[in-house]
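I have placed the structure first, in the form of structure tokens, so that the comments after it can refer back to it.
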Amino acid sequence: FQQYNALFVRPRIRGAISEYQDVLLGQVRADIEELAGRLRAGYGSSAESLLDALHDTPPVSGAVVWARQLEQQLQILMSRLEDVLGAGWAANVEGKKLKQEGDALREKLDTEPLFREWMEQTKQALEASSTGPDHQVSGYLFGVVKRGKEFVLNVAFDERLIVLFKEVRNLGGLGFRIPLSIALLSSS
């Protein structure tokens, strides 16, 4: 369809391909509904979140990458609509309906509110925390404890700071502007 899209203006060709267009539009509609279902299920229950946990990707960064991947898939589906219906696909009745569904889905995939929520939660945690921006590890960093016949290594470092460092690094790499106070704490 993409290759012969310019020929769609001819009435005989348009009539000959209308049944194939319906099948392809049905497939695009099903794909959009599948994306919407994945979005309703959320990042936390997706297979991608399990893989991100295995790859040590922090939760907010993983959710942003997941949403951006869904947005790219939606963009591909919208380009398929143009391939099937032609350049004026948004004026077509079916095209208009699918465009509205796609736009509504795209609004839900916006990652900026997710980033702002993470930033506000992190700022509140910094204000409430006694560690503050000049956090220092006191005492030994590593400790070896004997439990029965086994030795266990204890690390005296706050897990939240490790996650914060990874979030700042990944979100910065994704193009978000990290506030200086959060960036300083994560690098200390």
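Values computed for the structure shown
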quantity: Charge tally in the Cβ shell below 14 Å around ARG68, where Lys, Arg are +1 and Asp, Glu are -1, ARG68 excluded; calculated: -2
quantity: Rg and Dmax [Cα atoms of segment 65-126; Å; Rg one decimal, Dmax integer]; calculated: 16.2, 53
quantity: Per-residue ³J(HN,Hα) for segment 80-94, Karplus 6.51 cos²θ - 1.76 cosθ + 1.60, θ = phi - 60°, Hz, x for Gly and Pro; calculated: 5, 4, 5, 5, 7, 9, x, 5, x, 5, 6, 7, 5, 4, 5
quantity: Local electrostatic count, LEU105, Cβ distance below 14 Å [Lys/Arg +1, Asp/Glu -1]; calculated: 0
quantity: Accessible area of the chain belonging to carbon and sulfur atoms, whole % at 1.4 Å probe; calculated: 56 percent
quantity: Debye intensity ratio in log₁₀ form over the Cα atoms of segment 15-137, taken at each q of 0.23 Å⁻¹; calculated: -1.25
quantity: Average Cα contact separation per residue, the chain, under 8 Å, 6 or more apart, as relative contact order %; calculated: 20 percent
quantity: For segment 50-149: relative contact order, % (alpha-carbon pairs under 8 angstrom, 6 or more apart); calculated: 25 percent
quantity: Per residue, in Å², the accessible surface of the chain once ligands and nucleic acids are set aside, probe 1.4 Å; calculated: 67 Å²
quantity: Spatially near lysine pairs across the chain, Cα under 30 Å, sequence gap of 8 or more or different chains; calculated: 6
quantity: Simple spin-label estimate for ARG147 and GLN124 in nanometres, 7 Å along Cα-Cβ; calculated: 3.3 nm
quantity: Calculated FRET value between GLU117 and GLN27, using beta carbons and R₀ = 35 Å, to 0.05; calculated: 0.50
quantity: For segment 154-159, 3J(HN,Hα) per residue [Karplus equation, 6.51 cos²θ - 1.76 cosθ + 1.60, θ = phi - 60°, Hz, x = Gly/Pro]; calculated: 9, 10, 8, 9, 6, 4
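The values are calculated or read from the model by the stated rules, or taken from the named source; none is laboratory data. Here the structure is a predicted model, which is why all the values come from computation and not from measurement. So basically every Cβ, Gly included, is an ideal-geometry build from the backbone, and we count neighbours across all protein chains shown. Ligands, DNA and RNA are excluded from the accessible area calculation, which covers all protein heavy atoms including side chains. Shrake-Rupley method; radii C 1.70, N 1.55, O 1.52, S 1.80 Å.
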